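Just below is one structure, and these are the notes that go with it.
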């Protein structure tokens, strides 16, 4: 039995289902004695489906190939940038953080043309600020 | 039955300058984002939903419908000019559109795509307007047991049809149901899986999940594929012949049967949950080629090829709303986003929609008719501009899309907590797409989750917890039997996986 992406995914899903059934649901769903559908009924059913389907996926995988590792790494880099940006935004606010996020993002993509960089760093956040604060009369994060 | 006064009042609500402006804005935005390879109407709709909060339901939903319809027209532009479909369903259009553009007739190709698209779309809208109300009356006769069985049937069909593996489809649906169960449970109102975050007591915020899974995960996927080279402007060749810049009436009329066939295929496939516009476009294209007297000219710039693909993929949009408006079950990701807009504006989709909100629904139909006319008008005027748009750099497109998503979700959920949830679901969506699990099924299961649990609870109450009483509900029994048959059929089907690893959410 060769290790394929589907078999790996199936193992992770089965494991997740087991953790859900034996660990998470008993601790984070209140036990109720009365009612046709208990609070834990649907989560338990889902956990069982995940365990069974995860095993089935291990036994009957498709030939699906995920992206190359470099693409996962790049996606993780952009995800990290966004996570860090959001953390900074929660302290400093959108006005100071958005131009920096836009700049780093555009540089990472490979943009080096000054006009487009200025557009992304200055004009874009300013337009969003104007749209949200003045046109929609709402607060920015 | 909806009375005539409600129907007329609905259309009267729609045909106002205010609504016209929103539909126009939606169509322009849709054509714009459709023309930019990498965004597409689904992502644009996901981003736009939070910005419609301050609007009344009708202009808000009409705007989103405009984006959806405009996106299909815009998607054909890069398909024809660059052989890079702006939307997956435009891939079939590229097969004849691109050779025609290379032969010096780019405007003829894009205009044929526009006319066929509007023709197919209008056909399916007429079907939607005429059949949805009678179907909703039939749906009203269904009780909780039948609704529960119908949802089981919908999950089994969606799991089998979307994606390339039934097992993966079921896993995606199960994960969607699990996420829908976060928050208070509908029967006892006790907190469930909230992990101490009382912000989750009302469940996961819909905009965070939808935008994270559909927009941000797709942006992450696109960003990870960029290799650092900025796209250059395209070069168009012109033969100098005025006839090569337009579609003559004779050429349009010559394609009438191809467009009609495409519209019928698109309408039928669109009404069935799970079969997307891409399948409709390719099926119509294959059908046109098979019945053509000159099949060898297909793939070399035959106008019938463009007409077949575009009429079919656009016809899906209208009929996609049939299961949504009659049963409350979204059949595609576009319909799932429209359902989320309904819910955000306090409207519960389903069979009662025509009874409770008949005026709004006929207003929506009016807006759809306006969107078709505006699609034609904006397309005619804007084609030359969209040709420029296809060369816009991805750096500015993705930076603006990300910032708009952050701001939109923050406005919709009232703070940065919702944005953090959006980011978590973006990561989940990215991983699911990467490993071939359908985020479309996840989203549909997430939307239907609370209704699923409530109808299960009501069904058990009606049957006094005794499943053998199902025999008293023949429709439910038939639907459950159909679910079993379809599950067995999908499971026994040879599971081929020809999709490339770059499979996007819209495929």
If we ask which residues in segment B:190-229 are at the interface with chain A (Cβ under 8 Å from one of its Cβ atoms), surrounded by fewer than 21 Cβ atoms within 10 Å (Cβ to Cβ), within 24 Å of residue B:406 (Cβ to Cβ) and at pLDDT below 90, their number turns out to be 2
Using the structure shown, decide if residue B:155 is under 14 Å from residue B:442 (Cβ atoms) and more than 10 Å from chain A (Cβ to nearest Cβ).
yes
Do we have residue A:18 as within 28 Å of residue B:201 (Cα to Cα), more than 10 Å from chain B (Cβ to nearest Cβ) and part of a helix (DSSP H, G or I) here?
yes
Can you pull out the helices (runs of 4 or more DSSP H) entirely within segment A:82-141 that have at least 1 residues that are within 23 Å of residue B:420 (Cα to Cα)?
A:94-109, A:124-129
Inside segment B:245-271, can you point out the residues that are assigned to a loop (DSSP other than H, G, I, E, B) and either within 12 Å of residue B:310 (Cβ to Cβ) or in contact with a helix residue (DSSP H, G or I) (Cβ under 8 Å, 6 or more places away or on another chain) (or both)?
B:246, B:247, B:255
Scan segment B:20-36 and tell me whether some residue there is within 23 Å of residue B:114 (Cβ to Cβ), more than 21 Å from the chain's Cα centre (by Cα) and modelled with pLDDT of 90 or more.
yes
Could you check residue A:39 against (1) facing chain B (nearest Cβ under 7 Å); (2) modelled with pLDDT under 95; (3) in a helix (DSSP H, G or I) and say which number it fails?
(3)
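The rows are residues; the columns are (1) buried (at least 21 other Cβ atoms within 10 Å of the Cβ); (2) within 14 Å of another protein chain (Cβ to nearest Cβ); (3) farther than 22 Å from residue B:315 by Cα.
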{"residue": "B:337", "(1), (2), (3)": "yes, no, no"}
{"residue": "B:348", "(1), (2), (3)": "no, no, yes"}
{"residue": "B:353", "(1), (2), (3)": "yes, no, yes"}
{"residue": "B:356", "(1), (2), (3)": "no, no, yes"}
{"residue": "B:368", "(1), (2), (3)": "yes, no, no"}
{"residue": "B:377", "(1), (2), (3)": "no, no, no"}
{"residue": "B:389", "(1), (2), (3)": "no, no, yes"}
{"residue": "B:409", "(1), (2), (3)": "yes, yes, yes"}
{"residue": "B:412", "(1), (2), (3)": "yes, yes, yes"}
Which of the residues spanning segment B:176-189 are within 7 Å of chain A (Cβ to nearest Cβ), modelled with pLDDT of 90 or more and part of a loop (DSSP other than H, G, I, E, B)?
B:181
Taking segment B:484-501, which residues are part of a helix (DSSP H, G or I) and at pLDDT below 90?
B:486, B:487, B:488, B:489, B:490, B:491, B:492
Please go through segment B:338-351 and pick out each residue that is touching a residue at least 40 places away in the same chain (Cβ under 8 Å) and more than 15 Å from residue B:323 (Cβ to Cβ).
B:340, B:341, B:343, B:344, B:345, B:346, B:347
Scanning segment A:108-141 for residues that are over 17 Å from residue B:402 (Cα atoms) and at the interface with chain B (Cβ under 7 Å from one of its Cβ atoms) gives A:136, A:138
Do we have any residue at all in segment B:454-462 that's within 22 Å of the chain's Cα centre (by Cα), assigned to a helix (DSSP H, G or I) and in contact (Cβ under 8 Å) with a residue 24 or more places away in the chain?
no
Output for Cβ contacts, cut-off 9 Å, separation at least six or different chains, first residue at pLDDT 90 or above in segment B:463-481, second loosely packed, with under 12 Cβ neighbours inside 10 Å, reads B:463/B:472; B:477/B:471
Scanning segment A:60-81 residue by residue, the ones that are outside any loop (DSSP other than H, G, I, E, B), in contact (Cβ under 8 Å) with a residue 12 or more places away in the chain and more than 7 Å from chain B (Cβ to nearest Cβ) total 2
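The values are calculated or read from the model by the stated rules, or taken from the named source; none is laboratory data. Note that this is a predicted model, so its numbers are computed, not measured. In this analysis, Cβ positions are derived from the backbone assuming ideal geometry, glycine residues included, and neighbour counts consider all displayed protein chains.
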